[in-house]
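The structure that follows is given in the form of structure tokens.
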Amino acid sequence: MRKWLLLAAAVAVFAAPGAVMAQNPIIIKFSHVVANDTPKGKGALKFKELAEKYTNGKVKVEVYPNSTLYKDKEEIEALQLGSVQMLAPSTAKFAPLGVKEFEALDLPWLFKDDNAYADAMKGPVGQWLFKKLETKGITGLAYWDNGFHMVSANRPLISPADFQGLKFRISGSKIADQYFRELGSIPQIMAFSEVYQALQTGVVDGCENTPSNYLTQKFHEVQKDITVSYHAHLQYAVIVNSKFWNGLPADIRAELTKAMDEATDYTNSIARKENEDALAAIKASGKTTLHYLTPEQKAAWQKAMQPTYKWAKGRVGQEVLDLISKELNVQM
Ligand code: LMR
């Protein structure tokens with residue numbers, strides 16, 4: 001009798017693969033470190049919505065925002081181990097993977113505006129960089145924008161001399177490390193989830209980030225002065241575990257690619273406005289003072305940070321710099 005029951009159960013399973021599929025959807029754990037209410041947070045939720053819709057529920061995307069699952073460095077390890085399937089770290093965080101070339105995108109005043117960034121990434125450089133991830137078991141799917149960095153401390157940062165001796169939190173890029181050093185300050189890598197407390201307790205004096213990240217993490221509440229310098233760009237690479245991705249049924253992968261393409265267009269289309277709105281909210285909060293550089297002041301910062309370009313050649317190599325300079329039509 002028991003044997004017969006088991007047999008019947010097995011037949012039921014094989015006879016109704018659709019039903020089994022519905023009960024056991026493919027799970028994509030998408031971990032990231034920022035709030036839902038940011039360009040990346042909204043992009044991740046948009047991908048979830050579209051991926052679940054296009055696959056008719058055969059894929060379920062679980063989004064874990066705000067470092068709830070993993071912090072910066074851990075999440076990349078977790079992706080390689082297959083504990084999560086999808087991430088969207090800032091490209092400044094790829095050095096521990098042994099892929100330093102992404103850091104070229106962190107050069108100060110590299111992109112003159114959002115359009116210059118978007119145009120450059122449409123060229124071959126984006127795919128060239130993704131190729132570097134292949135040997136690490138990681139596949140790059142898309143680039144998501146989050147605008148330009150401001151910089152802050154508990155004193156106005158107006159001239160390069162104002163940075164002297166201050167400790168700044170940086171997210172991981174050696175290029176940022178270098179430009180902060182050229183300003184006479186002391187950079188320190190720290191996980192994003194630890195920044196608020198480090199600012200509050202004085203472990204670091206200042207940081208750089210985009211308006212949406214300042215607002216949602218409340219950095220502006222523990223920094224008296226923010227300079228809207230827009231001196232460097234923050235971009236994300238949406239990445240997946242290659243083994244997981246290549247192991248998906250082809251039709252599912254095609255639907256997910258479509259969902260990702262649309263989520264990417266959406267994210268990149270809202271990034272600028274999200275940051276403008278965040279900046280307006282920071283201003284309206286009255287909790288910090290915003291400073292804007294005059295053209296002369298900006299030129300002084302650019303001059304002080306300029307040696308980063310020469311230094312970068314040894315760090316990221318000439319090839320990626322050539323690819324970027326070709327897209328931007330500038331000499332590096
Ligand atoms: C940071 O660590 O400052 C950023 O990379 C956070 C993020 O993902 O926007």
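Restricting the search to the range 82-133, which residues are on the phi < 0 side of the Ramachandran plot, assigned to a loop (DSSP other than H, G, I, E, B) and not small (Gly, Ala, Ser)?
Selection gives 84, 85, 89, 94, 99, 107, 108, 110, 111, 112, 113, 124.
Only one of 282, 252 is out of contact with any Cys (no Cβ under 9 Å at 6 or more places or on another chain) and closer than 27 Å to residue 27 by Cα; which?
252
Further, regarding this structure: Output the number of the condition that residue 98 fails; it satisfies all remaining conditions of (1) under 30 Å from residue 323 (Cα atoms); (2) modelled with pLDDT of 95 or more.
So the condition that residue 98 fails would be (2).
Does residue 151 meet the test of being more than 25 Å from residue 294 (Cα to Cα) and surrounded by 18 or more Cβ atoms within 10 Å (Cβ to Cβ)?
Criteria not met by residue 151.
Test of understanding: among 147, 165, which residue is in contact with a helix residue (DSSP H, G or I) (Cβ under 9 Å, 6 or more places away or on another chain) and either of a type outside the set (A, V, I, L, M, F, W, C) or over 28 Å from residue 274 (Cα atoms) (or both)?
Answer to the selection: 147.
Yes or no, residue by residue, for (1) within 21 Å of residue 289 (Cα to Cα); (2) modelled with pLDDT of 95 or more; (3) not aromatic (Phe, Trp, Tyr):
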residue	(1), (2), (3)
159	yes, yes, yes
163	yes, yes, no
170	no, yes, yes
184	no, yes, yes
187	no, yes, yes
190	no, yes, yes
194	no, yes, yes
202	yes, yes, yes
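Let me ask another. State all residues of the range 294-311 that are more than 26 Å from the chain's Cα centre (by Cα) and either at pLDDT below 95 or not in a helix (DSSP H, G or I) (or both); if no residue qualifies, say none.
294
Which of the following residues is among the small types (Gly, Ala, Ser), free of Cβ contacts under 8 Å to residues at least 24 places away in the same chain and over 24 Å from residue 320 (Cα atoms): 184, 206, 247?
One residue alone meets the criteria, 247.
Quick check on my filter: what residues within the range 66-107 are among the hydroxyl-bearing types (Ser, Thr, Tyr), farther than 25 Å from residue 118 by Cα and either crowded, with 24+ Cβ neighbours inside 10 Å or within 14 Å of the ligand (Cβ to nearest atom) (or both)?
Across the range 66-107, the qualifying residues are 67, 68, 70.
Still on this structure: Using beta carbons and a limit of 6 Å, which pairs, at least six apart or on different chains, have the first residue in the range 80-95 and in contact (Cβ under 8 Å) with a residue 40 or more places away in the chain and the second one part of a helix (DSSP H, G or I) and away from the ligand (no atom under 16 Å from the Cβ)?
Filtered contacts from the range 80-95: 85/244.
Got a number for residues in the range 117-153 being farther than 20 Å from residue 212 by Cα, of a type in the set (Gly, Ala, Ser) and modelled with pLDDT under 95?
Looking only at that region, the number is 2.
Go through 226, 252 for me and flag whichever is of a type outside the set (Gly, Ala, Ser) and within 16 Å of the ligand (Cβ to nearest atom).
The unique qualifying residue is 226.
Of the residues that sit in the range 169-212 and are in a loop (DSSP other than H, G, I, E, B) and surrounded by fewer than 19 Cβ atoms within 10 Å (Cβ to Cβ), which one is nearest to the ligand (Cβ to nearest atom)?
203
Could you check the range 254-284 and list, in sequence order, the residues that are under 15 Å from residue 50 (Cβ atoms) and of a type in the set (D, E, K, R)?
Selection gives 255, 258, 261, 262, 265.
Any residue that is part of a loop (DSSP other than H, G, I, E, B) and within 16 Å of the ligand (Cβ to nearest atom) - is there at least one of those in the range 146-168?
For the range 146-168, residues part of a loop (DSSP other than H, G, I, E, B) and within 16 Å of the ligand (Cβ to nearest atom): present.
Restricted to the range 42-62, and to residues that are under 13 Å from residue 238 (Cβ atoms) and of a type in the set (Gly, Ala, Ser), which residue is farthest from the ligand (Cβ to nearest atom)?
For the range 42-62, the residue satisfying everything is 51.
For the range 240-265, what are the residues that are among the hydroxyl-bearing types (Ser, Thr, Tyr) and buried (at least 18 other Cβ atoms within 10 Å of the Cβ)?
Passing the criteria: 242, 264.
The values are calculated or read from the model by the stated rules, or taken from the named source; none is laboratory data. Since the model is a prediction, treat every value here as computed from it, not as a measurement. Cβ sites come from the backbone with ideal geometry, for glycine too, and all protein chains shown count toward neighbours.
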